[in-house]
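Below is one structure, written out as structure tokens; the observations come after it.
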Amino acid sequence: RLCPGAMFGLGAGENQPQLHNADYDFPDGLILYGVRLFAEIIEIVLKAS
């Protein structure tokens with residue numbers, strides 16, 4: 001209530017080992033989606049101010 005915010009997860013899919021599993025290998029292709037998401041959020045916030 002004092003500081004509005006949001007939280008989301010960027011997942012690697014259902015057929016991947018879970019995070020913190022010794023077999024987990026982060027798919028680097030996900031980085032682009034994360035960057036695009038944050039860039040769009042920043043654009044929306046800046047346009048609203």
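We did not get these values from a lab; they are worked out from the coordinates using the rules stated. All values reported here derive from a predicted model rather than from experimental measurement. A quick note on method: Cβ atoms are made from the backbone with ideal geometry, for glycine too, and the neighbour counts reach across all protein chains shown.
Worth a mention:
- The angle between the Cα long axis of helix 30-48 and the longest principal axis of the Cα atoms of the chain comes to about 10 degrees, rounded to the nearest 10.
- Computed label-point distance, nm, for sites Gln18 and Glu40 using a 7 Å Cα→Cβ extension: 2.9 nm
- A P(r) calculated from all alpha carbon pairs of the chain, with 5 Å bins opening at zero, reads 4, 16, 18, 20, 15, 11, 9, 6, 1 percent.
- The chain: GluC sites (Glu not before Pro) in DSSP coil with no more than 14 other Cβ atoms inside 10 Å: Glu14
- Distance between the pseudo-spin-label points of Lys47 and Leu32 (7 Å out from Cα toward the beta carbon): 2.3 nm.
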